[in-house]
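Here is the structure we will look at.
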Amino acid sequence: ASVAYDRGDFAEGVSNDGSIANDIIITLTGDTFEADVVSATHVTATNVPAGLTASFARDSATQITVSLTGSATLHEAINSIADLTVAFDDDAFVINAAAGVTGSTKNDITVDYLDTASLSYDRGDFAEDVSNDGSIANDIIITLTGDTFEADVVSATHVVATNVPAGLTASFARDSATQITVSLTGSATLHEAINSIADLTVAFDDDAFVINVAAGVTGSTKSDITVDYLDTASLSYDRGDFAEDVSNDGSIANDIIITLTGDTFEADVVSATHV
């Protein structure tokens, strides 16, 4: 008699929360399982990771399903194991003792975890260009670790931007399997500093990633991107004339004071003859 396993591993689910995505089916040939093989604990699992519980179901006289329920406490890839053991005892089989059944103990079942995938943004803001016309001066680069982007992540709109100011359009470019560039094109309709926002949102859906669903990727939604505008800078003159002194000798009696708002003068504006 012999016991066969349809697979030799338990794999963490794409939710990346330590739960296990699959069962293992055990098939017995040349004998049958006792009716109480499960209820009388004639089959057990050892080396089960913390947070997970092994359970067995006798599907038929020749088939048992093994499941791991719960969520592993530690579930980064480095925490994967290769020695989960399932063992049948002598009372598990109708005809044979355990020693007479090939595979009655299997001690090399793996439990394979996924590394936590994450997205990082090289900056958290879009800044208005110094031309002060509502256009945006910079892009934002998003980098993915622990997974890769699907080839159609952009073309199939698996990443979107919301709360985009009027007059601007968000666009995405998949630079590589692990990098996306976000741009804002056009010119914002309202672009004084008071119109700046702090809730532009970039969100990836479940089909954006090769391995994980969105919930399994840290930073898959970022809702605090700022769009920062410049106030329109202006110069004001306290008067518009130079007046001859009352001595009537051609000398000038007054100065004109120029005041800048919404910007500052460079330190060398005068010394370097920038005016």
Quiz item: How many residues does the stretch 113-140 hold that are surrounded by fewer than 20 Cβ atoms within 10 Å (Cβ to Cβ) and part of a loop (DSSP other than H, G, I, E, B)?
Solution: 14
Quiz item: surrounded by fewer than 16 Cβ atoms within 10 Å (Cβ to Cβ), of a type in the set (A, V, I, L, M, F, W, C) and assigned to a strand (DSSP E or B) - does that describe any residue in the stretch 153-170?
Solution: yes
Quiz prompt | Boolean, D147 is acidic (D, E), crowded, with 16+ Cβ neighbours inside 10 Å, part of a loop (DSSP other than H, G, I, E, B) and in contact (Cβ under 8 Å) with a residue 40 or more places away in the chain | solution = yes
Quiz item: Quick check: is even one residue across the stretch 252-261 loosely packed, with under 11 Cβ neighbours inside 10 Å and either touching a helix residue (DSSP H, G or I) at 6+ places or on another chain (Cβ under 7 Å) or at pLDDT below 95 (or both)?
Solution: no
Self-check item: Subset of the stretch 239-264 [in contact (Cβ under 8 Å) with a residue 24 or more places away in the chain and either part of a loop (DSSP other than H, G, I, E, B) or in contact with a Pro (Cβ under 9 Å, 6 or more places away or on another chain) (or both)]
Solution: G262, D263
Exercise. Search the stretch 211-238 for residues being without any contact (Cβ under 8 Å) to a residue 40 or more places away in the chain and aliphatic (A, V, I, L, M), and hand back the single one that is surrounded by the fewest Cβ atoms within 10 Å (Cβ to Cβ).
Key: L235
Quiz item: Scanning the stretch 175-209 for residues that are buried (at least 19 other Cβ atoms within 10 Å of the Cβ) and part of a strand (DSSP E or B), which turns out modelled with the lowest pLDDT?
Solution: F209
Exercise. Scan the stretch 7-21 and give yes if some residue there is more than 30 Å from T145 (Cβ to Cβ) and of a type outside the set (K, R), otherwise no.
Key: no
Self-check item: Those strands (runs of 3 or more DSSP E) lying entirely in the stretch 1-111 with at least 1 residues farther than 30 Å from D206 by Cβ
Solution: 2-5, 24-29, 43-46, 52-60, 63-70, 81-88
Self-check item: Matching residues, the stretch 42-97, being of a type in the set (S, T, N, Q), under 15 Å from A11 (Cα atoms) and surrounded by 15 or more Cβ atoms within 10 Å (Cβ to Cβ)
Solution: S67, S71, N79, S80
Exercise. Being under 30 Å from V213 (Cα atoms), modelled with pLDDT of 95 or more, over 26 Å from the mean Cα position of the chain (by Cα) and small (G, A, S) narrows it down to one of S104, S67, S71, S80, so name that one.
Key: S67
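The values are calculated or read from the model by the stated rules, or taken from the named source; none is laboratory data. The model shown is predicted, which means the values in this text are computed figures rather than measured ones. Neighbour counts are summed over all protein chains in view; Cβ atoms, including those assigned to glycine, are modelled from backbone coordinates with ideal geometry.
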